[in-house]
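Have a look at the structure below before the remarks.
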């Protein structure tokens, strides 16, 4: 069946090449119909508390939670009020809150509550908080910058989103501009033809374009998927193309007929490429089951990308190669790197040292990787940017600021007043805005004009806005949320809702931590099953997974030992991505070792395997590592940079573990592996 399939591809090579190129060309334009979502709230499960709260507030109130702050230098109270009107006039800005909303500004400032006053007006600087509508962040923040000029400052979640949107396209182009030449250089020095890298990159490039184009059926993708998926697909599937084309070149030395050589190469490559693609495919499939749907979104794209890369390599690349294989012949060059025929002996001599080092490190790494200081949001922009420097200026004058909104049932004014009094006593709560303390609890709302009451009351709910001086996340911020929710619970049971950036991040924390165990377990189990089928062995999956999983734990433990924080989404994704993407190195080495082990003893088999395969493994690891480090260097998004750094470092660690630790395990447990492998047929001589 495989031979028949290969012969059909060879027979219809021209239509196949044309069809793939046409689909790729259409996909280039189709990808522009796909929108990119930068709002992490949208990826929370529908039953998450903050998701429900947002839906209720959108239905009940016209405004939303303040997500932006603007600081104006050196203004009087009257000048600040004029500026507030200008802010309110900008389309897309709503619910501008300032001092006049918190107290009667006709009262002398000396008599006002100092803490409440300094939340809005301090050292002649006025601080306004307001909401920018989702989807309008770029246009509205540009308009505000035009209004406030260079001397004043703006910060907040909406500005961070706008900045990320502006930089995403530029950063992707920058990453591609750096990555493609590096990959070409790696491929050139690893082949004996100047044209071969073009074939590799064309085959995978076409599959990437088709993958991005078919996202039009999804409608939108997350900013993580947009930034990471294309180049990650390139890095993990380029091996398939390399393996097929190298097999083709080997068979061309045995037969003068290029079509026969390709047919033999496809037959030989299919099992190896299928096993490699299957481990990656099922590893990424685990991501699709995440409740926090950024992981699911990325997983769907990577699974689709691996499948398309596999089809491209097994259908498009053979057809393309047979049409233009003369280019490979005409551009032959001598090998540019020396041979590595001594590495095997070195690894065998160091085997006990390798085992000792890893077994000493593995337990601390396992414990440390889950005790890192985690963050859960996009975070603030670097100080080198206008957004980052503005944030620092506002922070220096007014401290931290994170609003929380409570929605409680409307009707019981006395209960609402008691709740507000309790909320005002909570540490880090700098002010509370509600009807009962801003207007007057004694005045029935129905006696007042709707313009006065609408920001506090809807048909069913009363809205209370708290201002806190914490960061948007962390122990302090999450502790305040717990206290606020606890206070509301004492008065209203479960019949209340809370929302705001910090509340969303608190929900993200709870959601992704639940995802961690499930996703990691499914990844390990699915890859173990593929390895079980591939090697027909009970012990081989254990040996291979121990090798790669140890590299994952070591990689994820680095932030703990260096006392640096790590974005949890990056931690969660890389746990799966590193395992799924680098287990191929272990498969490549172990498959060759098994073949050699049937002809020679274990030491000779390891020596021969390493001497022959370290080059291929090194090329794969260097490409994946380059992808990671370039993402880390070029992206300003903390989630993408964390994935990049972890991926770059993880690929190098996996390479070291496969080259030193895996051979040591294969040598030490040789007899156990033989006994637990079906039809092992290992060589019995010395």
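Overall form of the range 534-664: prolate. Here a/c, set by the Cα gyration tensor axes a ≥ b ≥ c, is 1.5 or more, and a/b is the larger of a/b and b/c. If both residues of a DSSP beta bridge must be in the chain, then about 85% of such bridges are antiparallel.
Relative to the longest principal axis of the Cα atoms of the chain, the long axis of helix 602-634 lies at roughly 30 degrees.
Subtracting the Cα-Cα distance of residue 460 and residue 676 from their residue separation scaled by 0.36 nm leaves 71.1 nm. Of interest is the spacing of the C-alpha centroids, which for the range 204-255 and the range 66-137 amounts to 52 Å.
Mean sequence separation of contacting Cα pairs (under 8 Å, at least six apart), scaled by the length of the chain, corresponds to a relative contact order of 19 percent. According to the square roots a ≥ b ≥ c of the eigenvalues of the Cα gyration tensor, what is the shape class of the range 249-360, taking rounded for a/c under 1.5, prolate for a/b larger than b/c otherwise, and oblate for the remainder? Oblate, since a/c reaches 1.5 and b/c is not below a/b. Take each peptide in 643-656, 246-259, count the other Cβ atoms within 10 Å of every residue, and average; sorted highest first, the result is 643-656, 246-259. First check a/c for the range 55-163, with a ≥ b ≥ c the square roots of the eigenvalues of its C-alpha gyration tensor; if it is under 1.5, answer rounded, and if not, answer prolate when a/b is larger than b/c or oblate otherwise. In terms of gyration-tensor shape, oblate. Counting neighbouring Cβ atoms within 10 Å and putting the fewest first, the residues 170, 331 line up as 170, 331. Return the FRET efficiency for the residue pair residue 178, residue 599: r is the Cβ-Cβ distance, R0 is 60 Å, and the value is rounded to the nearest 0.05. About 0.85, to the nearest 0.05.
Take each peptide in 124-137, 497-510, 418-431, count the other Cβ atoms within 10 Å of every residue, and average; sorted highest first, the result is 497-510, 124-137, 418-431. Fully extending the segment from residue 146 to residue 389 would add 85.8 nm, taking 0.36 nm per residue of separation and subtracting the current Cα-Cα distance. By how many degrees, 0 to 90 and rounded to 10, does the Cα axis of helix 501-535 deviate from the longest principal axis of the chain? In the chain, helix 501-535 runs at an angle near 10 degrees to the longest axis.
From most to least packed by mean Cβ count within 10 Å, the peptides 454-466, 6-18 give 454-466, 6-18. Computed from Cα positions, the angle between helix 386-398 and the longest principal axis of the chain comes to roughly 40 degrees. Extension gain, residue 254 to residue 42, is 70.6 nm, computed as 0.36 nm per intervening residue step minus the present C-alpha separation.
Rule-based calculations on the coordinates, nothing more; no lab input. These numbers come from a predicted model, not from an experiment. Cβ coordinates were reconstructed from backbone atoms using ideal geometry, including for glycine residues, and neighbour counts include every protein chain displayed.
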